[in-house]
Amino acid sequence: MTGDGAHSVALRDCPLCGLISTVPHNVRGVAASCPQCTSSLGRIWHPDMRIPRGWALAAGLFYLLALAGPFVQISIFGRLQRADIATGPLQLTVQGFDLVGFLVLAVTIIFPGIKLGIVLLTLFGIRLEHQPTRFLKAIFRWYPLIGPWAMVDVYLLGFLVAYTRLTAMATVHLDLSLFALVGLMISMAALDGSLDTGAIWDALDTGPAPRPLDADHRGGHLIGCHCCFLINRAEPGMACTRCDTVLRDRKPDSIVRSWAFVIAAMALYIPANLYPVMLITQLARTTPFTIMGGIVELFAAGVWPLGLLVLLASIAIPLVKLLSMACMLIEAQRPSGRHLLGLTRTYRFVAFIGRWSMIDVFMVSILVALVRFGQFANVRASTGAACFAGVVVITMVAVESFDPRLMWDGAREAAPETPHDPTLIAEPS
Ligand SMILES: [Zn+2]
Ligand SMILES: [Zn+2]
């Protein structure tokens, strides 16, 4: 399985089932999916960096505009209150919820900023005549890790939920920064859609070293790099020849770590739903607000699509995620070989959907930022919000820690005759 020199096909290992297959490489308009578990193995090869460069510049501009001023203001009895993105995290900290405040600050400002910084530096760095390859590789390695934690899109949905509550108690004015946030969301989605990370790694792969698969002197076996997806002939613990990431056959201590996170999240799920996430004071009367109570209110107010969305994102999805993670962990430990395809698709789904459960946390952060009118109207965060934020983050980490290939490994051991030959699976897009 050595490289053939031509760049028309390349080996790829499937991050979800571990099968190594040949996929078209550097062929525009062709996408590949894994022949065993059907998950996507890579985007269309698109060497033209002008489109993502344009979107990255637009996103950078919108990001600065979004930070520049308040995005919403409300007035109650003639008194005015404004909020920018940082006001919510600040108020959460003032109210004693430092960790939740920092979490909201991180996923709405810090991580989107870092993600944009990485993309802009990389996209413009590779244009330079003497590109700082080592530096660009070192920063671009972080791109796939940071991606899911940049949550501008989820924040806007949280704002939509908060907006329906605010209009019931105050006059709401939208400010320029809100439209910048919408622009940021759209341009970041377009950037993700147009950026071919494989083409970037190819552009950074300028060293004179032989193609890694020819480097038989390294010994070892074929290992896919989880960061840049290059197949290396190496031993676990060696560095990827292209991006320097430490190579591992499987994620280390995957099962123990995932179980620990799943159990911790399950334990937090109960107080997250029992305790109020915030306390709402209106005309000196304080009412506790639980997530379920909020959903009932949305239905009662007639905004049932939003109610349904919050019901799904806050109650159903976290529970489905935790239960399906438990099923996957059991399959990885005691392989039955059944429902592997279904479990792998479920894993793909829970990995994709995890971040959307942050809607309610963002709603709380927006309401505590704005509704600060003493005994007239006031919103304070409560224990449930911290527990709920914990459930969402810990579940995301549990999903990240789990290695779905372990389920397929078990099935392979049970049935060693499973065909393992790489297959060419070009599909016109
Ligand atoms: Zn696969
Ligand atoms: Zn690599």
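Residue-level check: of (1) at pLDDT below 85; (2) of a type outside the set (D, E, K, R); (3) open to solvent by less than 40 Å² (accessible area, probe 1.4 Å); (4) within 15 Å of ligand 2 (Cβ to nearest atom), residue 219 misses just (4). For the stretch 231-247, the criterion of being at pLDDT below 95, within 16 Å of ligand 1 (Cβ to nearest atom) and open to solvent by less than 30 Å² (accessible area, probe 1.4 Å) is met by at least one residue. Those helices (runs of 4 or more DSSP H) of the stretch 220-323 in which 2 or more residues are of a type in the set (Val, Ile, Thr) and closer than 27 Å to residue 144 by Cα occupy 254-274. When each of 252, 236, 271 is tested for being free of Cβ contacts under 8 Å to residues at least 24 places away in the same chain and either under 30 Å from residue 376 (Cα atoms) or more than 22 Å from the chain's Cα centre (by Cα) (or both), the lone residue that passes is 236.
Considering (1) basic (Lys, Arg); (2) under 29 Å from residue 176 (Cα atoms); (3) under 20 Å from the mean Cα position of the chain (by Cα), the lone condition that residue 82 does not fulfil carries the number (3). Annotation note: of 103, 156, 176, the sole residue that is more than 16 Å from ligand 2 (Cβ to nearest atom) and either acidic (Asp, Glu) or more than 16 Å from the chain's Cα centre (by Cα) (or both) is 176. When the stretch 337-364 is limited to residues that are more than 20 Å from the chain's Cα centre (by Cα) and touching a residue at least 12 places away in the same chain (Cβ under 8 Å), the one that is farthest from ligand 1 (Cβ to nearest atom) turns out to be 364.
Before we move on, is residue 168 under 28 Å from residue 302 (Cβ atoms) and surrounded by fewer than 16 Cβ atoms within 10 Å (Cβ to Cβ)? Taking the combined requirement at face value, the residue satisfies it. You will find that of 83, 59, the residue that is crowded, with 16+ Cβ neighbours inside 10 Å and at pLDDT 95 or above is 59 and no other.
For the stretch 129-162, enumerate the residues that are of a type in the set (Phe, Trp, Tyr) and either open to solvent by 40 Å² or more (accessible area, probe 1.4 Å) or within 19 Å of residue 85 (Cβ to Cβ) (or both).
135, 142, 149, 155, 159 - these are the residues of the stretch 129-162 that are of a type in the set (Phe, Trp, Tyr) and either open to solvent by 40 Å² or more (accessible area, probe 1.4 Å) or within 19 Å of residue 85 (Cβ to Cβ) (or both).
Looking at this structure, is residue 365 in a helix (DSSP H, G or I), buried (at least 16 other Cβ atoms within 10 Å of the Cβ) and at pLDDT 90 or above? In short, yes.
Here is the figure for the stretch 368-395: residues that are more than 14 Å from residue 93 (Cα to Cα), aliphatic (A, V, I, L, M) and not in a strand (DSSP E or B) total 7.
One residue stands out among those in the stretch 324-342 that are of a type in the set (S, T, N, Q) and assigned to a helix (DSSP H, G or I): the one that is nearest to residue 409 (Cα to Cα), which is 333.
For first residues located in the stretch 35-56 and modelled with pLDDT of 90 or more, partners that are assigned to a loop (DSSP other than H, G, I, E, B) and of a type in the set (A, V, I, L, M) and lie 6+ apart or on another chain with Cβ distances below 6 Å form the pairs 52/195.
The values are calculated or read from the model by the stated rules, or taken from the named source; none is laboratory data. Being a predicted model, the structure only gives us computed values, none of them experimental. In this analysis, Cβ positions are derived from the backbone assuming ideal geometry, glycine residues included, and neighbour counts consider all displayed protein chains. SASA here: full protein model, heavy atoms, side chains in, ligands and nucleic acids out. Shrake-Rupley method; radii C 1.70, N 1.55, O 1.52, S 1.80 Å.
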